[in-house]
Amino acid sequence: APAILMKAPISKEIMVSFVFGMILGCGVLALISLLDSRIVTPQDIQERFEEPVFGIVPYEKDVFERKGVHLLDNPDTSVAFSQDCKNLRSSILCSTNQVGEAVRVIAVTSCVPSEGKSTLSSNLAITFALTSAKTILIDADLRRGGLHQAFGLKNKTGVSNLVSDRLQLEDVIQKT
């Protein structure tokens, strides 16, 4: 009989500890969720910034994990990526800036290297050029710029030459 009396309080203590641990764990998870300031969805961007979201280009493994810049070709092997670039182009073409003029300058940027900025900006420039729009793609990465390689161009002149006043804009632009 004493063994039965000893078992009941121990199992009750375990049950109370379990319930308390679950409540404490859920509270910690809720606190972490409230303090999380990461941007994960397009809705997060719209809630925090006034700028509109023109489109979404989902991560596509065979496009973004390739070495170097993957340019759209005809017929394109990655149809989804190609369509996303064209949808983004259409959204930009149909939009206006704050004074009602067509958008003329687009910046593709990121804080982290190798996120696909060069691939996206190159292909967006290609889709604009396919509409016969005058398009200039500027590789402003002065440390590891590589767009010249993707387009088969020489890297003899560029933004640094333009900024240092050694060359004019017409001397720096390379046609593809």
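The values are calculated or read from the model by the stated rules, or taken from the named source; none is laboratory data. Small disclaimer: the values here were computed from a predicted structure and weren't measured. Cβ placement follows ideal geometry from the backbone for every residue including glycine, while neighbour counts extend to all protein chains displayed. Side chains are part of the model used for accessible areas, which takes the heavy atoms of the whole protein and leaves out ligands, DNA and RNA. Shrake-Rupley method; radii C 1.70, N 1.55, O 1.52, S 1.80 Å.
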field: Members of the stretch 20-46 found to be open to solvent by less than 100 Å² (accessible area, probe 1.4 Å) and outside any helix (DSSP H, G or I), listed by number
entry: 36, 37, 39, 41
task: Give the residue, chosen from 126, 92, 138, that is of a type in the set (Val, Ile, Thr) and in contact with a Cys (Cβ under 9 Å, 6 or more places away or on another chain).
output: 126
- request: Specify the residue that is farthest from the chain's Cα centre (by Cα); the eligible residues are those in the stretch 103-113 that are surrounded by 10 or more Cβ atoms within 10 Å (Cβ to Cβ) and at pLDDT below 80.
  value: 103
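Kindly evaluate residue 123 against the criterion of being among the polar types (S, T, N, Q), over 25 Å from residue 163 (Cα atoms) and either touching a residue at least 60 places away in the same chain (Cβ under 8 Å) or out of contact with any Leu (no Cβ under 9 Å at 6 or more places or on another chain) (or both).
Details: among the polar types (S, T, N, Q): yes; over 25 Å from residue 163 (Cα atoms): yes; either touching a residue at least 60 places away in the same chain (Cβ under 8 Å) or out of contact with any Leu (no Cβ under 9 Å at 6 or more places or on another chain) (or both): no.
The answer is no for residue 123.
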- prompt: Quick check, is residue 176 among the β-branched types (Val, Ile, Thr) and in contact (Cβ under 8 Å) with a residue 12 or more places away in the chain?
  reply: yes
statement: Given (1) more than 25 Å from the chain's Cα centre (by Cα); (2) modelled with pLDDT of 85 or more; (3) over 18 Å from residue 71 (Cα atoms), residue 134 misses just (1)
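Only one of these is modelled with pLDDT of 80 or more, open to solvent by less than 90 Å² (accessible area, probe 1.4 Å) and more than 20 Å from the chain's Cα centre (by Cα): 157, 127. Name it. Write out each step before concluding.
Details: 127 fails: more than 20 Å from the chain's Cα centre (by Cα).
Criteria check complete, one pass: 157.
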